[in-house]
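Data block below; observations after.
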Amino acid sequence: MPGIRETRRLPFSCDEMFDLVADVARYAEFLPWVVATRVRSNSETEMVADMLVGFKSLREKFTSRVVKERPRRIEVIYVDGPLKDLDNVWEFEPLPDGGCEVHFCVDFAFKNMVFQALAGQYFDRAFRKMVAAFEARAEQLYGKRSSSAQSVA
């Protein structure tokens, strides 16, 4: 199953990043390839949401359950759609300067082997574009901060 793990140090607080990631209803406003979202249910600890993603003429909808442990962790659990599996976890660790370290991992597998092969070729580039979109959204919502984002090895 293709997957990526990334850790980024950001000048935004755990609460700010948690709020940004948990705001699934607004993903279509800033995330590439997200065409639309629909939140079916939402509470402090759990959400069920549909997401329509697309690239050119391809469109696919999937449903996920999002488990929220404010402000430290968000786990996305795949429910239904074109994938065989999807595991996605965000963890937010506070830093002494008021920023946070964001640990993100995603693993997925398509039911369709053609999609799986295509995804494997483009996944890393698409992932980087999505990470950049979240960082740009944080700057838009919370303002540019003096500390710049950096990857952590």
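Give the number of residues within the stretch 16-60 that are aromatic (Phe, Trp, Tyr) and closer than 17 Å to Leu141 by Cα. So that I can check it myself, show each step before the final result.
Filtering the stretch 16-60 for residues aromatic (Phe, Trp, Tyr) gives 18, 27, 30, 33, 55.
Now restrict to residues that are closer than 17 Å to Leu141 by Cα: 18, 27, 30.
Qualifying residue count, the stretch 16-60: 3.
Among the residues making up the stretch 90-112, a single one is over 25 Å from Arg145 (Cα atoms), free of Cβ contacts under 8 Å to residues at least 40 places away in the same chain and assigned to a strand (DSSP E or B): Phe110.
Would you check which residues across the stretch 64-89 are more than 30 Å from Glu101 (Cβ to Cβ) and open to solvent by less than 60 Å² (accessible area, probe 1.4 Å) and list them? Let's see the steps before the verdict.
To start, the set of residues in the stretch 64-89 that are more than 30 Å from Glu101 (Cβ to Cβ) comprises 80-82, 84.
Result: Gly81, Pro82.
One residue stands out among those in the stretch 30-48 that are in contact (Cβ under 8 Å) with a residue 24 or more places away in the chain and more than 20 Å from Phe110 (Cβ to Cβ): the one that is least open to solvent (accessible area, probe 1.4 Å), which is Met47.
Restricting attention to the stretch 54-63, the residues that are hydrophobic (A, V, I, L, M, F, W, C) and open to solvent by 40 Å² or more (accessible area, probe 1.4 Å) add up to 2. In this structure, does Leu20 turn out to be surrounded by 17 or more Cβ atoms within 10 Å (Cβ to Cβ) and farther than 17 Å from Arg125 by Cα? It is true that Leu20 is surrounded by 17 or more Cβ atoms within 10 Å (Cβ to Cβ) and farther than 17 Å from Arg125 by Cα.
Taking the options Asp85, Asp80, name whichever one is in contact (Cβ under 8 Å) with a residue 60 or more places away in the chain and not aromatic (Phe, Trp, Tyr). Show your work before the answer.
Values: Asp80 fails: in contact (Cβ under 8 Å) with a residue 60 or more places away in the chain.
Testing whether each residue is in contact (Cβ under 8 Å) with a residue 60 or more places away in the chain and not aromatic (Phe, Trp, Tyr) leaves just Asp85.
Reported count of residues in the stretch 1-15, each being closer than 17 Å to Gly143 by Cβ and open to solvent by 40 Å² or more (accessible area, probe 1.4 Å), is 1.
The values are calculated or read from the model by the stated rules, or taken from the named source; none is laboratory data. Treat the numbers as computed from the prediction; the structure is a model and nothing was measured. Positions of Cβ are generated from backbone atoms using ideal geometry, with glycine treated the same way; all protein chains shown enter the neighbour counts. Surface areas here come from the heavy atoms of the whole protein model, side chains and all, with no ligands, DNA or RNA. Shrake-Rupley method; radii C 1.70, N 1.55, O 1.52, S 1.80 Å.
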